[in-house]
1. Residue separation times 0.36 nm, minus the C-alpha to C-alpha distance between residue 129 and residue 116: what's the value?
2. Would you tell me the accessible area of residue 94, worked out with a 1.4 angstrom probe on the heavy atoms of the protein chains, in Å² to the nearest 10?
3. Among 117-128, 80-91, what's the highest-first ranking by average C-beta atoms within 10 angstrom per residue?
4. Expected output is a single nm value to one decimal: the length gained when fully extending between residue 41 and residue 154, i.e. 0.36 nm times separation in residues minus the C-alpha distance. What is it?
5. Largest first, how would 143, 41, 93 line up by accessible area (1.4 Å probe)?
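The values are calculated or read from the model by the stated rules, or taken from the named source; none is laboratory data. Every value quoted in this text rests on a predicted model; they were computed, and no experiment measured them. Please note: Cβ atoms are built from the backbone with ideal geometry, for glycine as well, and neighbour counts cover all protein chains shown. We work out accessible area using only protein heavy atoms, side chains counted, and drop any ligands, DNA or RNA first. Shrake-Rupley method; radii C 1.70, N 1.55, O 1.52, S 1.80 Å.
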Amino acid sequence: MGFFSRDKPREPAKGERPIVVQPADLPGFSARLEAVVGVLYGSDAAIRGAIRGLSESVGGSDPWSVEFEQGDSTRLWRWSAQACELANEQGEYRLAPHVFVLTFWWKPRQSKMTINDFADMWLDPLPPDVDRAILKATSEALYHFTDDQAVAQTANEALTAGQLRNGVQAAIAS
C-alpha cells in the first residue's frame with residue numbers, strides 16, 4: 001500500500017448545517033432582500049454585492065473556503081424558503097413575493113453562470129424542491145393583495161401582485 005493508495009479510509013461527507021429561522025430574523029432579512037430586489041435588472045456589480053451580502057447574512061459560506069464542503073452553496077435558497085413560510089405564518093406577506101422576484105430573476109441566468117459567478121454571489125442553482133416551496137409560499141402570500149397593488153420594486157419597475165401571480169402560475173405550470 002503506497003502513500004497515495006486508494007485504500008485509505010475516506011472522511012464522511014459533512015452534512016448541511018440545520019436551517020433555523022426565527023421571527024426575530026425576518027425584519028433584517030426582509031430589509032436585505034428588499035435591497036437585493038431593488039438592484040435587480042440594474043448594475044451587475046450592485047447585484048452581485050447585494051446577493052452575496054444576503055447569502056452571507058443567512059450563514060452562506062465562501063465557496064473557495066473549506067466550509068464549502070458543508071453544503072452551504074444552497075443555504076440562501078433553503079433559508080429563504082423557511083423564511084417565506086414563517087413570514088406568512090406571522091402575517092408578513094411581502095417577504096415571499098420578494099423571494100419569488102429573486103428566484104424569477106435567477107433561474108434563467110443560473111445555467112449561463114460560471115464558477116466565478118457562483119463564487120461572487122455565494123449562490124448555487126435553485127434546488128427544485130426549494131423552488132416549489134417558495135412558489136407555494138408566494139402563492140399563499142399574494143392572496144392578501146389586490147392585483148393592482150405594488151408588491152416589489154426592482155431597479156427599473158414596480159411589480160404588482162397581479163404580475164407576480166401570473167409569474168407564479170407560469171412557473172408552476174412549467
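1. On the way: separation 13, 0.36 × 13 = 4.68 nm, distance 2.49 nm.
My answer for the length gained is 2.2 nm.
2. My reading of the accessible area for residue 94 is about 100 Å².
3. Values: 117-128: 17.5, 80-91: 19.6.
Final packing ranking: 80-91, 117-128.
4. Working: separation 113, 0.36 × 113 = 40.68 nm, distance 0.69 nm.
Separation in residues times 0.36 nm, less the Cα-Cα distance, equals 40.0 nm.
5. Details: 143 180, 41 90, 93 65 Å².
Accessible-area ranking of 143, 41, 93, largest first: 143, 41, 93.
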